[in-house]
Ligand code: GLP
């Protein structure tokens, strides 16, 4: 794993944007894996800026999002579908036909997961997957002890994740307890992975990831087995790591 340390969140967002735009411009039909949460918001802002400057186009780009809450309508501002439209897709030239986000209100969730996997296979592999990390080491919504051989599935959220994500909801009771998430094996099949880590509250997670064995207790530790992972982390996120 290659680690790029940058000063702060703005620098992280700019660096991640250059990284992604370079790949999009190199590839003929890029397939991107995208993430939600606070961390990639700055990246998406930077991408919109580059798009407005005519430095990147999404006409040939296909995207697959990592996850979606179960039981939330796509029109709900807390759905990841709404987030992606609001933060990125509505501001660039991507066709919504080329955008895939699991449907958290599908009548048959298991079938939805299977179809999501099939859609990824049909698009060929994901060229570059953007990831954030949970304070407990989760990737996507794959919580500690999720099998490394998992594929897209309905995941139960840990109490700590519900608590962390409750900042987006009116009350903690409104936070869904389940989500559809790409599995760990699905994520690992991406050709390249870009992991973004920002802020002091992720410093412990980054230090643990770098020092622990590869274990299902720390889902992100699986990334050590991938041959092409770049971590971009800001100084605050590196604060514990730099003390070890
Ligand atoms: C959420 C998402 C993850 C995200 C993580 C960190 O639960 N499912 O994909 O990486 O939490 O989010 P944030 O960037 O807001 O800290």
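The values are calculated or read from the model by the stated rules, or taken from the named source; none is laboratory data. What you see is a predicted model, and the numbers here were worked out from it, not measured in a lab. Please note: Cβ atoms are built from the backbone with ideal geometry, for glycine as well, and neighbour counts cover all protein chains shown.
The lone criterion from (1) within 13 Å of the ligand (Cβ to nearest atom); (2) surrounded by 18 or more Cβ atoms within 10 Å (Cβ to Cβ); (3) at pLDDT below 95 left unmet by residue 241 is number (1). Candidates are the residues of the range 186-199 that are part of a helix (DSSP H, G or I) and more than 12 Å from the ligand (Cβ to nearest atom); the one that is surrounded by the fewest Cβ atoms within 10 Å (Cβ to Cβ) is 188. Checked against the criteria, residue 33 counts as closer than 21 Å to residue 192 by Cβ and under 19 Å from the mean Cα position of the chain (by Cα).
In the range 90-100, the count of residues that are within 16 Å of the ligand (Cβ to nearest atom), modelled with pLDDT of 95 or more, more than 19 Å from residue 168 (Cα to Cα) and surrounded by fewer than 22 Cβ atoms within 10 Å (Cβ to Cβ) is one or more. Take residue 107 and tell me if it is farther than 23 Å from residue 27 by Cα, within 16 Å of the ligand (Cβ to nearest atom) and surrounded by fewer than 20 Cβ atoms within 10 Å (Cβ to Cβ). Taking the combined requirement at face value, the residue does not satisfy it.
Out of curiosity, is residue 67 under 25 Å from residue 167 (Cα atoms) and surrounded by fewer than 20 Cβ atoms within 10 Å (Cβ to Cβ)? Judged against the criteria, residue 67 is not a match. Please work out if residue 235 is within 16 Å of the ligand (Cβ to nearest atom), under 24 Å from residue 13 (Cβ atoms) and over 14 Å from the mean Cα position of the chain (by Cα). Against the criterion (within 16 Å of the ligand (Cβ to nearest atom), under 24 Å from residue 13 (Cβ atoms) and over 14 Å from the mean Cα position of the chain (by Cα)), residue 235 does not qualify.
Residue-wise test of (1) within 16 Å of the ligand (Cβ to nearest atom); (2) surrounded by fewer than 20 Cβ atoms within 10 Å (Cβ to Cβ).
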site: 4; (1), (2): no, yes
site: 13; (1), (2): yes, no
site: 22; (1), (2): no, yes
site: 32; (1), (2): yes, no
site: 35; (1), (2): yes, no
site: 38; (1), (2): yes, yes
site: 54; (1), (2): no, yes
site: 62; (1), (2): no, no
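Checking the structure you have, find out if any residue of the range 200-221 is part of a helix (DSSP H, G or I), under 18 Å from the mean Cα position of the chain (by Cα) and closer than 22 Å to residue 102 by Cβ. Checked against the condition, which is being part of a helix (DSSP H, G or I), under 18 Å from the mean Cα position of the chain (by Cα) and closer than 22 Å to residue 102 by Cβ, the range 200-221 yields at least one hit.
Number of residues in the range 126-167 that are more than 16 Å from the ligand (Cβ to nearest atom) and touching a strand residue (DSSP E or B) at 6+ places or on another chain (Cβ under 7 Å): the value is 1. Just to verify a result, which residue in the range 65-83, among those that are touching a strand residue (DSSP E or B) at 6+ places or on another chain (Cβ under 8 Å) and away from the ligand (no atom under 13 Å from the Cβ), is nearest to residue 25 (Cα to Cα)? The selected residue is 81. Look at the range 192-203: where a residue is at positive phi and at pLDDT 95 or above and a partner is part of a helix (DSSP H, G or I) and more than 8 Å from the ligand (Cβ to nearest atom), sitting 6+ places away or on another chain with Cβ atoms under 9 Å, you get 199/9.
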